[in-house]
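Step one of this worksheet: look at the structure below.
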Amino acid sequence: MISITEWQKIGVGITGFGVFFILFGILLYFDSVLLAFGNLLFLTGLSLIIGLRRTFSFFFQRHKLKGTSFFLGGVAIVVLRWPLLGMLLEAYGFVSLFKGFFPVAFGFLGSVSNIPFLSTLSQKFQGSSSMV
């Protein structure tokens, strides 16, 4: 069994609040204060969950610099109160950063729940990732 430290438990809570504030900010027509607060909470929680060294090594890998620059640039633009442009940049950076994780996640969801749409979507993503 994996042991979880107290800091990681706090990090999960902070990340959850960050996601909540981001979704609530989007729901309230891209409220820049809620989005900025959610972004800061999300990044803080992520660094508490996996640690500062692993966070920096994840974001600043050579092949992920493009996604990192778009994601962190989007966070900066949201903080500067341009929420729509910032969220678009963040979304592109997020997809670029986690594109290797999406086929695994969709494959897990498709196999666990046996939902036909998810299983065909996961097969499509797994087929396209094996060609790369």
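Every number here is computed from the coordinates shown, using simple stated rules; none is lab data. Because the structure is predicted, anything quoted here is derived from the model rather than measured. Note: ideal-geometry Cβ built from the backbone for every residue, glycine included; neighbour counts use all protein chains shown.
Some points to look at:
- Scanning region 54-75 finds no residues that are of a type in the set (S, T, N, Q) and touching a Lys or Arg at 6+ places or on another chain (Cβ under 9 Å).
- Residue in region 11-23 that is under 21 Å from L84 (Cα atoms), among the small types (G, A, S) and within 18 Å of the chain's Cα centre (by Cα) present: yes
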